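Worksheet for the structure shown next.
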Amino acid sequence: MTLLSRREAHQKNSVIQVGSIQFGGDEIIIIAGPCAIESKTQMIACAKVAKQFGAKMLRGGAFKPRSNPYNFEGLGKEGLEILKEASLEVNLPTVTEVLDIRDIDLVDKYADMFQVGARNMQNFPLLKELGKGKKPVLLKRGMSATIEELLLAAEHILAGGNPNVVLCERGIRTFERETRNTLSLSAVPLIKELSHLPIIVDPSHATGQASLVTSMSHAAIAAGADGLMLEIHTDPEEALCDGKQALLPEDFEKMMIRAKKIALAIDRHIS
């Protein structure tokens, strides 16, 4: 049986439409925003920075799965409402994480794309339920998952009838402790050989260090990534979640300037 996620089932690259943007075409899509939505003021400030320097999509977590249950776990519905308001303010589509089948309808009202995070990559009931709709799904690689397991996770969504899946490499857990995870950039060209689905990279979660995000962003573009998912924050030291890996506005601007040049060098573009 030929799996739907495999290149054999679909020779041409899939192009996934999210609002007015497309993943998998000539344009490299930049997604930017804070790790977690903390307040209306914070989210709108980050949204304006994202828009100003060329992001085509907003990110922001309303539901945050945390290893430590005493850490900030998001604003829930209030966060989704703020995300929607920020989206309308800057006219950018949004992606946010859904953790539970019971929250699908709620998240669906406010976001343009579902995100399935690394911890939920093999939450098969959730994947199957998302497969029943048509809303695009951003599927992150699990922290200890093989590429085959990532593609099989995507298969659960595709098999349900939803073809709109974008994959995300966000680093894997190895013996290395100097970085948060180990960014497996070879996954990008390999997945492009194995699958027709678009693949983006999240260098923020992969490295866990803002000082490394720019270099890894540029490397991901050179490796053929269809997009980047970046964390930005106007005041990272006060962030309630993952401030150490968030780019300041001025650093995001610098990253984008060179990213556009690298994209042109490989016959693609960042608008």
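The values are calculated or read from the model by the stated rules, or taken from the named source; none is laboratory data. Remember, predicted model here, so these are calculated numbers, not experimental data. FYI the Cβ positions are ideal-geometry reconstructions off the backbone, even for glycines, and counts take in every protein chain you see.
Which members of the stretch 159-205 meet the condition of being over 15 Å from residue 147 (Cβ atoms), in a helix (DSSP H, G or I) and free of Cβ contacts under 8 Å to residues at least 40 places away in the same chain?
203, the sole residue that qualifies.
Identify, by number, the condition in (1) crowded, with 19+ Cβ neighbours inside 10 Å; (2) within 15 Å of the chain's Cα centre (by Cα); (3) outside any helix (DSSP H, G or I); (4) of a type outside the set (Val, Ile, Thr) that residue 143 doesn't meet.
(1)
Could you say whether any residue in the stretch 197-210 is touching a Gly at 6+ places or on another chain (Cβ under 9 Å), surrounded by fewer than 22 Cβ atoms within 10 Å (Cβ to Cβ) and at pLDDT below 95?
No, every residue in the stretch 197-210 fails to be touching a Gly at 6+ places or on another chain (Cβ under 9 Å), surrounded by fewer than 22 Cβ atoms within 10 Å (Cβ to Cβ) and at pLDDT below 95.
From the list 126, 150, 106, 138, which residue is crowded, with 24+ Cβ neighbours inside 10 Å and in a helix (DSSP H, G or I)?
Step by step, each of 126, 150, 106, 138 is checked, and only 150 is crowded, with 24+ Cβ neighbours inside 10 Å and in a helix (DSSP H, G or I).
Identify all residues within the stretch 211-239 that are under 19 Å from residue 49 (Cα atoms), surrounded by 16 or more Cβ atoms within 10 Å (Cβ to Cβ) and not charged (D, E, K, R); write none if there are none.
Filtering the stretch 211-239 for residues under 19 Å from residue 49 (Cα atoms) gives 211, 213-214, 217, 227-239.
Subset that is surrounded by 16 or more Cβ atoms within 10 Å (Cβ to Cβ): 213-214, 217, 227-234, 236, 239.
Once the filter is applied, which keeps residues that are under 19 Å from residue 49 (Cα atoms), surrounded by 16 or more Cβ atoms within 10 Å (Cβ to Cβ) and not charged (D, E, K, R), the stretch 211-239 yields 213, 214, 217, 227, 228, 229, 230, 232, 233, 234, 236, 239.
Only residues that are crowded, with 24+ Cβ neighbours inside 10 Å and at positive phi: list them for the stretch 2-48, please.
33
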